[in-house]
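Worksheet for the structure shown next.
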Amino acid sequence: MPRYHLTTFGCQMNAHDSERMRGLLGSLGYHESPDRDAADLIVFNTCTIRGSADERFMGNLGEARRIKRERPDVVVAVGGCWAQSQKESVFRDFPFVDIAFGPGEVNRLGELLARERLQAVGAFTFDGRFSGDLPSLRERPHQAWVQISVGCNCVCSYCIVPTVRGRESSRSPQAILEEVAAQADDGVVEVTLLGQNVNSYGRDLPADARMGFAELLAAVAAVPGIRRVRYTSPHPKDIRADVIAVHRDVPEVCTHIHLPAQSGSSRVLKAMRRTYDRQRYLDLVGRIREGVPDIALTTDLIVGFPGESDADFADTESLVREVGYDGAYTFVYSARPGTEAGEQMDDDVPPEAKSERIAGLIEVVQATARERLARHVGRVAEVLVEGPSRTDPSRMSGRSSHNVTVNFDGAAEAGTIVPVAIDAATSTTLAGHRVPVPQPAGAA
Ligand code: 5AD
Ligand code: SF4
C-alpha cells in the first residue's frame, strides 16, 4: 500500500484543499503516513502570502531533498500558491521536485501522479472544476469547509493572491447546496463558506442561475441539520444591507464577521487600493452594529506598508479602539514580487519601525479584545462542542457563535450545541461551566 505524507501551509482555503487531496489520494489507494521519512509520496500544499511563508516552506523542502537523496524512488509533489508563483522555475531550481500544481489544479493531482514530471502549472487556466467537487477526508467530524468561489478580482496592491489564484469564479449554488446536504447527512452541523472574497459571490454566474451571497447564506442555513454557518473572508466594499439582514434574521448565521480592514489610515488604504477609506469602513461597522448590536468583529491589519508614517500607524491603532475588535490578525508588510506594491513602491519603513509598530499594535489589539470578551462573563453562551480541551483534557472545549473558544467543566458530546455559563475571559478565550438546557416556558 503506497503511503503519502502531506504538509499544509497557509490559509483555510489550503486546509480545505488538503482535505480534498487526502480524499483524492485515499481514492487512489494511498494511505496517510504520519512520518515523512516513511512516505512514498511527499506532498506540500504551499502558501506564498508573505516572505516568511516562503522561508518556512524552504526548510521543509530541504528535508524533502534529503529524503529524495536517500530514497530516490520517493515522489515529491508541490501544490498550492507558492508552486503557482514559481511555475516558471520550480523544476529548474528544485530538480528533485517531481510534480507541481497550482491551487486550481488539485483535481489533477491524480493524473499528475500518473504522468509524473509533467508540469501542470505552466497552463494557468482554471478548468471549471472546483476542489470542492472532489472527495474529502475531513479533519473535524462536525465542521466542514465549503468552497463557494475561487480566485479574486481585487487589485490590493500588496497581495499576491489574485496572481496565484486567478480571476474569481463562483461555484454553482446547486453544487454548493448539494455538498452541504451531503455533509449534513454525514454529521456536519457547522459549515464555513470559503472564498477569497465571499460576498462578491455569484456576480459571474449566468443570469438564470444567479444567487447572491445573502441568498446563498440563507439557503445554506436552511439545509436540514445545519445549525451554524460561517464564512471567510468578505471584502468590506461588498457587504450590503441584505447580508447584514441575514445575520440579524437567520439564527444559524453566526454572530461574527471577519472584516479585514488592513489599515486605519485613508491615505494608506488608497495606496493599498482597498477602495474604501477609514470613514466608509466605520460607516459599514455602524450599519452592521445597528443590525446586530452584539456581533463580534475581527480583522486583518498590516503595518509597515510603503510610505506608512507614524501618523498613519496611529490611525490603525485608533481604528482598533474605535471599532472595538474582538480579535485581529496583525502582519508586518512583506514585499511580494509580482504585486504592484512589491514592484513599484519603495519598502521604506525601516525594519525597527516595523517591529516597534507590530508590537504596539498587538498590545492594543489584546487590550481591546480583552475588554470586548469581558462582556460575555455572566452570560450563557451556546457552544458547539469540539472535544476535550487541548490544554486541559479534563475540561471540554468548543466555540461560541461569536467564534470564541470556550473551555468548560461538565460533560458534553462533540457535535452538540450546549449552554455554557461564562465565568471568565481572557483576550482570546472564555471559561465556564455547563448549565442545563433551558426548558420552554410551561414545560413541567
Ligand atoms: N504583507 C503582509 N501581509 C499581507 N497580507 C496579504 N498580503 C500581505 C503582504 N504582502 C495579509 C492581509 C490579508 C491576510 C490574509 O494577509 O492582511 O488579509
Ligand atoms: Fe497563502 Fe494566500 Fe494562498 Fe491562502 S490564498 S495559501 S494565504 S497565498
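Readers should treat all values here as calculations from the given coordinates under stated rules, not as data from a laboratory. Bear in mind the structure is a predicted one, so any value in this text is a computation, not a measurement. Heads up, the Cβs are rebuilt from the backbone with ideal geometry, glycines too, and the neighbour counts pull from every protein chain shown.
Some points to look at:
- Only the Cβ atoms of Lys and Arg (+1) and of Asp and Glu (-1) were treated as charged; on that basis the dipole of segment 146-193 about its Cα centre amounts to roughly 400 debye.
- Top positive-direction residue, dipole computed over the chain with Cβ charges, set Pro206, Val76, Thr429: Pro206
- All Cα pairs of the chain, percent lying beyond 43 Å: 14 percent
- Farthest toward positive dipole pole in the chain [+1 Lys/Arg, -1 Asp/Glu at C-beta], among Pro350, Gly387, Ala181: Ala181
- Given charges at Cβ of Lys, Arg, Asp, Glu: the chain dipole, positive-most of Asn403, Leu373, Ile302: Asn403
- Within segment 134-374: Cβ-based charge dipole about Cα centre, in debye rounded to nearest 20 (Lys, Arg +1; Asp, Glu -1): 380 debye
- Cα-centre dipole for the chain with unit charges at Cβ (Lys and Arg positive, Asp and Glu negative), debye to 20: 200 debye
- As a ratio to 2.2 N^0.38 Å, the alpha-carbon radius of gyration for segment 31-91 is 1.14.
- Taking each DSSP H run with n ≥ 4 as -39500 (n - 2.57) and averaging over every residue of the chain yields -10000 deg cm²/dmol at 222 nm.
- Packing-based ranking, highest mean first, of 202-214, 358-370 given that Cβ atoms within 10 Å are counted: 358-370, 202-214
- Cysteines without a disulfide-compatible partner [the chain; Cβ-Cβ under 4.7 Å]: Cys11, Cys47, Cys81, Cys152, Cys154, Cys254
- Cα-based reach from Lys237 at 24 Å (exclusive), listing lysines while leaving out same-chain residues under 8 positions away: Lys270
- Gap separating the Cα centres of segment 56-103 and segment 172-232, nearest whole Å: 34 Å
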